[in-house]
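Trainee: Provided herewith is a single structure, encoded as structure tokens, for subsequent inquiry.
What follows is calculated from the coordinates using simple rules that are stated; it is not laboratory data. As the structure is a computational prediction, the values presented were derived from the model and not from experiment. Every residue, glycine as well, gets a Cβ built from its backbone with ideal geometry; the counts of neighbours run over all protein chains shown.
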There are 2 protein chains.
Amino acid sequence: MSRYTSMEHLRFLLFEVHGIQDLFTYEYFAHLDPEQVTLMIDSAKALADRDMYPFFKEMDEQPVHYAGEGKVWSHPQLRTIIQNAAEQNWINGQYPFDLGGLQLPQMVYNAAHHIFQAANNGAQGYISLTTGAARLIHDYGTSELIETFLPPMFDGRWQGTMALTEPQAGSALTDITTVATPTESGYYHIKGQKIFISAGEHMACENFVHLTLARIAGAPPGLKGVSLFVIPKHRPTAGGGLEYNDVFCAGDYQKLGQRAYATTHLVFGEHDNCRGWLVGEPHKGLSYMFQLMNEARIGVGQTAASVAMAAYQASLQYARERSQGRKPGEKDPLKPPVPIIQHADVQRMLFTQKAIVEGSLSLAMECNRLADLMHVTEGEEQRPHWLLLEILTPIVKTYSSEQGNRSASLAIQVLGGYGYTVDFPVQQYYRDLRIMAIYEGTTGIQSLDLLGRKMTMENGAALTALAQHIDITIRTAAAHPVLQAQAAILQAEMERLGKTLRQLGKFAQSGNPERYLADATVFMEMAGYVVIAWQWLKMAVAAQIALDAADFSTQSKSFYEGKIHTMQFFFRYELPHAAACAEVLLAPGELTMLEEDERLD
Amino acid sequence: MSRYTSMEHLRFLLFEVHGIQDLFTYEYFAHLDPEQVTLMIDSAKALADRDMYPFFKEMDEQPVHYAGEGKVWSHPQLRTIIQNAAEQNWINGQYPFDLGGLQLPQMVYNAAHHIFQAANNGAQGYISLTTGAARLIHDYGTSELIETFLPPMFDGRWQGTMALTEPQAGSALTDITTVATPTESGYYHIKGQKIFISAGEHMACENFVHLTLARIAGAPPGLKGVSLFVIPKHRPTAGGGLEYNDVFCAGDYQKLGQRAYATTHLVFGEHDNCRGWLVGEPHKGLSYMFQLMNEARIGVGQTAASVAMAAYQASLQYARERSQGRKPGEKDPLKPPVPIIQHADVQRMLFTQKAIVEGSLSLAMECNRLADLMHVTEGEEQRPHWLLLEILTPIVKTYSSEQGNRSASLAIQVLGGYGYTVDFPVQQYYRDLRIMAIYEGTTGIQSLDLLGRKMTMENGAALTALAQHIDITIRTAAAHPVLQAQAAILQAEMERLGKTLRQLGKFAQSGNPERYLADATVFMEMAGYVVIAWQWLKMAVAAQIALDAADFSTQSKSFYEGKIHTMQFFFRYELPHAAACAEVLLAPGELTMLEEDERLD
């Protein structure tokens, strides 16, 4: 089987860079040890090798599609995948023992899901979506809702979904119009339509549980009037059976990629017989959903990194096996061609991918770690983790998806003409990855969130938290002679980021929020370079510690040298573009705030 | 019908920026005038509107595919497209009157083909490939070959192809092994295999004329032993008929994009009955082929620009029609949503596309103009055109295809989730475009050509020619107050490019060609930014002249203001990344010249 991820890198992140062991000191995770974690992710790998990766191509070539009369055809293997993943607790692994879970950290859950994402990203989506939907019911639902919905969701028999987007609203959740009318029986009558609902209908599950944003009849306009409901396709009856709940799948979307992953159009209450149950308090739906959205954004970022990882591995293998051409200076045409990995340009393309992929994955693991720390702390102890996670979430989502696209494109380029054919998987990775910059808030939305909300929240406390963490890494790195140069560069780049933000801030302070936010996406790009440079320096510190100790019991010497090398590569080839972003941001004038748009003709 | 290109921009390039009128002073083109040219490209637009664009999606969804027994199925519309294009002289338009041509400049031919590329890039390939193959026969073949092959090719009945790539050789033409054994009857026996042959077999033509690189039995190894042959699928008989020439299509490649365009695997002489005719002199095949390759590289660059243009137009239309969200600072949720084109981030994405697309197309037109000047000049008069065209060819190919990918990706992003669905064309443009950085020499190959050959050729004379042309534009621009700032910036960027090249040159001079060339692709990226900045300044000068004259007889005032605006946008948002490239290039150390590759694990 082809290699689609690096288990070595995954273990390096878990144990050497992000110190999962520290979590085991908290009671909730105290039952775990590194050997168990290793066994679990090895089991996940075996599952992915057996059930997921071999069907990656086939599930693309036989895509899910609307089959009429509310039905969506899905590949038969999907049921096997969901059921076996559920059985290995990869739906409910993070939940407490008393709910049948394993009290796993998100770091472990997402280490396993990284493997699934790299093996078969379309199939993985179904599983993690159920996990996320279940969490909303768990955290905010009544015990009745929990008892009704969680067991079949954890078994993989019922599919969870998030139903937010409506045809007329798109990214603007303010404009949601799905209506929930209260009854005296404890449920609401639901009426409305949702589009782009992932996993909203397919053949691998018996029932569908839609965590749905709707407006209670008479609620105030805007975001504040939005509530959260659980709306099953089939509702449980008093007798323990199920009856149809008037949730109809009216169609699906055929897509550029992720063709294994159903994208559906749902109609609630066409026959005025759709019931929904309020989750939590009225009018607070959006704040609950944002908890799931934040988790989903990390998940999307990590998926992008994982798909790009698989593309990287495919192109690395090809570059080692394919001989072509000779090195510059070699004029003898009778000399045999060299493997293309010996060409400098191919090494550049491979190191670029490695730098993007492993850097993104490290940032995702940092976020997973922070989510775990939030789970086991509260109050003032929780606050620094929360602040850091708040500011990193839009960045991991955006850097990984935007640069992941570029990385997968380089994977195609390494293969040349073959990479463009369906005989190799890289073109599928390229197609699958392209949605990640759109899912769960586009890059533009993430960038507004970063610059408009996260940079300014709590009087800049999130940015301060980030700066403090980066500073710790810089000081640790500066103690290693081989890392001093890059430690100094990162320090300078952090100062540039702060200075740029202060300059931009003048627009916000002078009452011009539109100008402040106009180039938010460029600011996001800049922040992405800096934050990934931090992750690389952090990885380099871990690698240098192992090299200094000459401890090669778990990883080889060249593995650690590869981390130092790739860190140097990132600082040299990628990071200089942060300064270019700053130049863009600080330039005077306004070119993208036209009232009239004829100049675009 | 949706708009897929800007005829206004095309006319602006032809008449106002690149002065096609100047060509009419040469005898070969003296029969032309601007009105005729306008009529011709309007006819091409009508043909594309009727025959090509309406089938763009359908030909993707019903792709060409191998049907067994040497046959390749193609969409029935393809025959109509090729025949009607042939009838409008869009295969042979550039050829002399006595061959049935119209003695058109390449500027006109490629203005029409830009429209075809934007309308239906897969279909367009068949047409221009026949034009190019015919040129080799015309320029180097005997009169017998010309009389035999050109008429049916010009009629669109016989398809021309270029057959270079072999399974074991890929980009390394040195390693070609197809053998041509001389006979006493004037032809050669051919034996060998070629892969990735575009248009090598389909249902729209009666015969196929493969311009093929092969090695005459006993020829010296390496590039010098390669000769050019014309090898038809069916060879003409003495009686005026055709007989099978043992050219067998053994299969095809299914691809990420350009699914309307057949990519075939050909076997020559499986039954020892394949005849080929030498074109030109023995062992000079590669130099002939490079003439066609250079033309094809401009064509690929232009195609990339054209496809990105179509994607831009689709996203521009969507952004005007789709309402969603409100502007920053607007807190009232009862206010109606605004068209998304009013969001600064959407304007940024649109101007980025416009800057890339129109800049690329302008550079392609510059190259077309130079090819025309070369056609009507010789000796010392020809030399400056030749030098400039040599240095610009790899740049137009690479900038347009690499940045075109980014541009088409932004088109998807403007549409958000809808852009990822097959209901909109932007995902097809994204897929189709991705091959352009691979066709006719990958970006890596182009970059080696630029840095290793073009920058140093004739003692740097090509670079000097480029610098002189850019300097003329700078000085012209500096005379307009509104363009002075950018004129100064371009001057500084040219100095930076020269300085960077001199620094790199030290590696070449000290006998380290591998290091000199290691980051050739980064140098290419830098050169691309600078050259496109030049094109934008050139366009801005033309626009400013019209604005100063207040002459809005052919284009509107806002059209010209849009050129100035987009020029400013390119200088502000894109050009700063040239400095980042320079920083990468000048950094010390070597990170991509590893002998062993374990660090990539």
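Trainee: Length gain on complete extension for the stretch A:Arg406 to A:Glu514, per 0.36 nm per residue less the alpha carbon to alpha carbon distance?
Mentor: Contour length minus Cα-Cα distance gives 36.0 nm.
Trainee: Tell me the angle of helix A:285-321 to the major Cα principal axis of chain A, expressed in degrees between 0 and 90 and rounded to the nearest ten.
Mentor: The angle comes out near 40 degrees.
Trainee: To the nearest 0.05, what FRET efficiency results for B:Glu495 and B:Glu61 with a Förster distance of 56 Å applied to their C-beta separation?
Mentor: Once rounded, the FRET efficiency stands at 0.65.
Trainee: Inter-copy label distances at A:Glu35, 7 Å along the Cα→beta-carbon direction, one decimal in nm, shortest first?
Mentor: 9.3
Trainee: Can you compute the helix-only [θ] at 222 nm over chain A? Use -39500 (n - 2.57) per DSSP H run of at least 4 residues, normalise by all residues, nearest 500 deg cm²/dmol.
Mentor: -17500 deg cm²/dmol
Trainee: Determine the equivalent ellipsoid of region A:148-210 by diagonalising the alpha-carbon gyration tensor, then write out the semi-axes as square roots of 5 times the eigenvalues, largest first, rounded to whole Å.
Mentor: Equivalent-ellipsoid dimensions as semi-axes: 23, 18, 9 Å.
Trainee: Restricting things to alpha carbons, tell me how big chain A is in terms of Rg and Dmax, in Å.
Mentor: When restricted to the Cα atoms of chain A, Rg and Dmax are 24.4, 88 Å.
Trainee: In whole Å, what three semi-axes, largest first, describe the equivalent ellipsoid of region B:322-422 built from its Cα gyration tensor (square root of 5 times each eigenvalue)?
Mentor: 44, 13, 9
Trainee: Take the Cα pairs of region A:1-78, get the Kirkwood Rh, then feed it into Stokes-Einstein at 37 °C and 0.692 mPa s and tell me D in µm²/s.
Mentor: Answer from the Stokes-Einstein relation: 211 µm²/s.
Trainee: Nearest 10 degrees is fine. How inclined is helix B:106-140 to the longest principal axis of chain B, computing both from alpha carbons?
Mentor: On a 0 to 90 degree scale, this one is about 40.
Trainee: Here's something else I'd like to know. Can you give me the pair-distance distribution of region B:7-153, C-alpha pairs, 10 Å bins, whole percents?
Mentor: Spelled out bin by bin, region B:7-153 gives 11, 36, 34, 16, 3, 0 percent.
Trainee: Would you order A:Tyr26, B:Tyr109 from fewest to most other beta-carbon atoms within 10 Å of each residue's own beta-carbon?
Mentor: By the 10 Å Cβ count, ascending, the order reads A:Tyr26, B:Tyr109.
Trainee: Rank-order A:533-542, B:422-431, A:414-423, B:52-61 by packing density, defined as the average count of other C-beta atoms within 10 Å over each peptide's residues, highest first.
Mentor: In decreasing order of mean packing, A:533-542, B:422-431, A:414-423, B:52-61 become A:533-542, B:422-431, A:414-423, B:52-61.
Trainee: Here's a follow-up. Report, to the nearest 10°, how far helix B:77-87 tilts away from the longest principal axis of the Cα atoms in chain B, using its own Cα long axis and a range of 0 to 90°.
Mentor: 90
Trainee: Tell me, B:Phe154, B:Phe552 in order of fewest to most beta-carbon neighbours within 10 Å?
Mentor: In order of increasing Cβ crowding within 10 Å: B:Phe552, B:Phe154.
Trainee: While we're looking at this one, here's another question. Rg to Rh ratio, the protein assembly as shown, alpha-carbon atoms and Kirkwood radius?
Mentor: My calculation of the ratio gives 0.97.
Trainee: Another question, if that's okay. Going 7 Å from Cα along the Cα-Cβ axis for the label, what nanometre distances separate A:Val422 from the same residue across the other copies?
Mentor: Nearest to farthest, the other copies are at 1.0 nm.
Trainee: May I pose another question? List the equivalent ellipsoid semi-axes of region A:443-587 in whole Å, largest first, each obtained as the square root of 5λ for an eigenvalue λ of the Cα gyration tensor.
Mentor: Over the Cα atoms of region A:443-587, the ellipsoid semi-axes are 33, 14, 12 Å.
Trainee: So which trypsin sites (Lys or Arg not before Pro) in region A:328-369 pass both tests, a DSSP loop state and at most 10 other Cβ atoms within 10 Å of the Cβ?
Mentor: A:Lys331
Trainee: Just to be sure I understand the model, the point goes 7 Å from the Cα along the line to the Cβ. What's the resulting B:Glu598 to B:Ser553 distance in nm?
Mentor: 7.5
Trainee: Which residue in chain A puts its Cβ closest to the axis that rotates chain A onto chain B, and at what distance in whole Å?
Mentor: Residue nearest the A-to-B axis, with distance in whole Å: A:Ala580, 2.
Trainee: Work out the mean other chain Cβ neighbour count within 10 Å for the residues of A:435-448 and drop it here as an integer.
Mentor: The mean count of partner-chain Cβ atoms within 10 Å per residue comes to 3.
Trainee: In addition: Filter the cross-link list A:Lys233/B:Lys331; B:Lys506/B:Lys538; B:Lys397/B:Lys538 down to pairs whose alpha-carbon distance in this structure exceeds 27 Å.
Mentor: A:Lys233/B:Lys331; B:Lys506/B:Lys538
Trainee: If we count every other residue with Cβ under 9 angstrom of A:Leu256's Cβ, Lys/Arg +1 and Asp/Glu -1, where does the sum land?
Mentor: +4
Trainee: So, counting K/R as plus one and D/E as minus one, what does the shell of residues with Cβ under 12 Å around A:Cys205 add up to?
Mentor: Local charge sum for A:Cys205: 0.
Trainee: How shielded is A:590-596 by partner chains, expressed as the average number of their Cβ atoms within 10 Å of its Cβ atoms?
Mentor: Taking all residues of A:590-596 together, the mean is 6.
Trainee: Counting other beta carbons within 10 Å of each residue's own, what order do B:Asp432, B:Asp155, A:Asp22 fall into, fewest first?
Mentor: With the fewest neighbours first, B:Asp432, B:Asp155, A:Asp22 line up as A:Asp22, B:Asp155, B:Asp432.
Trainee: Roughly how many nanometres apart are two label points built 7 Å out from the Cα toward the Cβ at A:Ile146 and B:Glu330?
Mentor: Taking the simple label geometry, A:Ile146 and B:Glu330 are separated by 4.3 nm.
Trainee: Given points 7 Å out from each Cα along the Cα-Cβ axis, report the A:Asp423 to B:Thr456 separation in nanometres with one decimal.
Mentor: Distance between label points: 3.5 nm.
Trainee: Taking every residue in A:412-418, how many Cβ atoms of other protein chains lie within 10 Å of its Cβ, on average?
Mentor: For peptide A:412-418, the averaged partner shielding equals 6.
Trainee: Find how much the distance from A:Asp42 to A:Lys71 grows on full extension, using 0.36 nm per residue of separation minus their present alpha carbon separation; answer in nm with one decimal.
Mentor: So the extension gain works out to 6.9 nm.
Trainee: Which Rg and Dmax, in Å, describe the Cα atoms of region B:534-601?
Mentor: Expressed in Å, the Cα Rg and Dmax of region B:534-601 come to 21.2, 65.
Trainee: Cα-based Rg (one decimal) and Dmax (whole number) for region B:160-283, in Å?
Mentor: In order Rg, Dmax, the Cα atoms of region B:160-283 give 14.2, 46 Å.
Trainee: Can you list the distances in nanometres, one decimal and ascending, from the A:Ala67 label point to the identical position in each other copy, with the point 7 Å along Cα to Cβ?
Mentor: So the label point of A:Ala67 gives 3.2 nm to the other copies.
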